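> Structure in structure tokens, see below.
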Amino acid sequence: MEGDVSKEEDCKQLIHAAIQQFQTIHVLINNAGISMRALFADLDVNVLQQLMDVNFWGAVYCTKYAIPYLLKEKGSILSVNSIAGIKGLPGRTGYSASKFALNGFMESLRIENIKTGLHVGVIFPGYTASNIRNTALNKEGREQGETPFDESKLMPAETVAGYMVDMVKQRKRSVILTTQGKLLTWLNKVIPSFLDKMVYRTISKEKDSPFK
């Protein structure tokens, strides 16, 4: 069925439809997400609300209604995060905020369920070929309609899906896919101020960057 994950009732009905057809749930993948591209000083705060509603609350709603079945099956919950959930990215305040919130939610959920047998995992793919940049919101909350990258050179979504299957099979808690992502995570721990400047320079060079 189709639904809007930013609406709690839609998420409830989605899980209900799955139960009606399959009687139970073994794996829940929280993958729905939207992005943005604008300076915080310029944007309408409703843009951040939309990002949180989809990227964070969508995962919370689906998890809430699926978790009774997942606990019964000792199943898996996986959430697709981002390097923006490890390092705040300029021009993407709402996106980073939603991904940091999602990471905190999943980490807390994992610890709560140490003794239940529930598997809770988070994957950090890095840039993946998809429509997310075309539908990213601008400062007015409208879709920007284009991507600053050559999508053909980015990681295919099928590759990310393969890693997620492995995460479920091996019940891994966290996977950072790219060398760039792993390096960024390490640099953020040891020289965060230097990394701030690197991230600023990198994003300022993007096509139609909101800042220079």
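> Return the residues of segment 19-31 that are free of Cβ contacts under 8 Å to residues at least 12 places away in the same chain and assigned to a helix (DSSP H, G or I); say none if nothing qualifies.
Result: 20, 21, 22.
> Now for a different question. Take the residues of segment 178-201 that are more than 13 Å from residue 87 (Cα to Cα) and modelled with pLDDT under 90: which is surrounded by the fewest Cβ atoms within 10 Å (Cβ to Cβ)?
Only one residue tops the list, namely 179.
> Going residue by residue through segment 74-91, is there one that turns out to be under 23 Å from residue 160 (Cα atoms), in a helix (DSSP H, G or I) and free of Cβ contacts under 8 Å to residues at least 60 places away in the same chain?
Yes, segment 74-91 has at least one match.
> Residue 58: on the phi > 0 side of the Ramachandran plot and either part of a loop (DSSP other than H, G, I, E, B) or crowded, with 16+ Cβ neighbours inside 10 Å (or both), yes or no?
no
> Restricting attention to segment 175-204, report how many residues are touching a Pro at 6+ places or on another chain (Cβ under 8 Å), part of a helix (DSSP H, G or I) and among the β-branched types (Val, Ile, Thr).
Summing the residues that are touching a Pro at 6+ places or on another chain (Cβ under 8 Å), part of a helix (DSSP H, G or I) and among the β-branched types (Val, Ile, Thr) in segment 175-204 gives 2.
> Suppose we keep only residues that are of a type in the set (Val, Ile, Thr) and surrounded by fewer than 22 Cβ atoms within 10 Å (Cβ to Cβ) within segment 81-117. Which one would you say is nearest to the chain's Cα centre (by Cα)?
At the first step, the residues of segment 81-117 found to be of a type in the set (Val, Ile, Thr) are 83, 86, 93, 111, 114, 116.
Applying the additional criterion that residues be surrounded by fewer than 22 Cβ atoms within 10 Å (Cβ to Cβ) yields 86, 93, 111, 114, 116.
Details: 86: 11, 93: 14, 111: 20, 114: 23, 116: 25 Å.
Checked segment 81-117; the qualifying residue nearest to the chain's Cα centre (by Cα) is 86.
The values are calculated or read from the model by the stated rules, or taken from the named source; none is laboratory data. Every value quoted in this text rests on a predicted model; they were computed, and no experiment measured them. Glycine also receives a Cβ, built like all others from the backbone with ideal geometry; neighbour counts cover every protein chain displayed.
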